[in-house]
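**Q** Before we start, here is the structure in question, set down as structure tokens.
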């Protein structure tokens, strides 16, 4: 039977590397952070499985290869300021911290936020803020990178406005099977975007399209 360290190495080699995750720093961060500490206790056996793990009705922990591709697209540099939106128990924030970034894990669910504080304790420069997702925190920005761990149906303008000039935001955007991981880049007051790959995550509250909206 594999121990957690062996399972983590297999995750990196067999899931991340085979899904076009090539950034050495990202691979090293995923190999160093113990994912089993950030999953619900009753799902510990699935910590290194190639699947998204539900944390609640509208919240999930992205599959390792999905999260790794999204973080790789952010091109995180040491010293960057990050915002992890819908942080859950804080795994994504732990990976960003492992890349040398500092910032905020944003989670509106009180139980998840408390769990994130416990699991992220001891990581310098990382704080957990309990607040609504769509507007982001009221302090800590502007951010160089923003990771959104869920699906949005509309452009997340409230979060984009918190990017620093040249900053990057990655999210899963769209409806159901039409959703794609999407990268936004800020240049002054303008925002460019491009789709990265097909992806699926639960829809986040606060980012739903109006009735009749066609994406």
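The values are calculated or read from the model by the stated rules, or taken from the named source; none is laboratory data. For clarity, every value in this text was computed on a predicted model and none was experimentally measured. Counting neighbours? That spans all protein chains shown, and the Cβs are built from the backbone with ideal geometry, glycine included.
**Q** Within segment 72-87, can one find any residue that is crowded, with 20+ Cβ neighbours inside 10 Å, closer than 23 Å to residue 8 by Cα and over 12 Å from the mean Cα position of the chain (by Cα)?
**A** yes
**Q** Now a separate question. Looking only at segment 101-130, which residues are out of contact with any helix residue (DSSP H, G or I) (no Cβ under 6 Å at 6 or more places or on another chain), in a loop (DSSP other than H, G, I, E, B) and farther than 16 Å from residue 81 by Cβ?
**A** If the condition is that a residue be out of contact with any helix residue (DSSP H, G or I) (no Cβ under 6 Å at 6 or more places or on another chain), in a loop (DSSP other than H, G, I, E, B) and farther than 16 Å from residue 81 by Cβ, then 108, 109, 121, 122 are the ones that fit.
**Q** Here is a list: 29, 45. Which entry is farther than 15 Å from residue 172 by Cβ, modelled with pLDDT under 95 and either out of contact with any strand residue (DSSP E or B) (no Cβ under 7 Å at 6 or more places or on another chain) or part of a loop (DSSP other than H, G, I, E, B) (or both)?
**A** Going through 29, 45 in turn, the sole match is 45.
**Q** Among (1) assigned to a strand (DSSP E or B); (2) surrounded by fewer than 22 Cβ atoms within 10 Å (Cβ to Cβ); (3) free of Cβ contacts under 8 Å to residues at least 60 places away in the same chain, where does residue 167 come up short?
**A** (2)
**Q** If you don't mind, there's one more thing I want to ask. Look through 125, 115 and report the one residue that is on the phi > 0 side of the Ramachandran plot and touching a residue at least 12 places away in the same chain (Cβ under 8 Å).
**A** 125
**Q** Among the listed residues 106, 147, which satisfies the condition of being at pLDDT 95 or above, over 18 Å from residue 56 (Cα atoms), touching a strand residue (DSSP E or B) at 6+ places or on another chain (Cβ under 9 Å) and surrounded by 24 or more Cβ atoms within 10 Å (Cβ to Cβ)?
**A** 147
**Q** Does segment 141-151 contain any residue that is under 22 Å from residue 34 (Cβ atoms) and under 13 Å from the mean Cα position of the chain (by Cα)?
**A** yes
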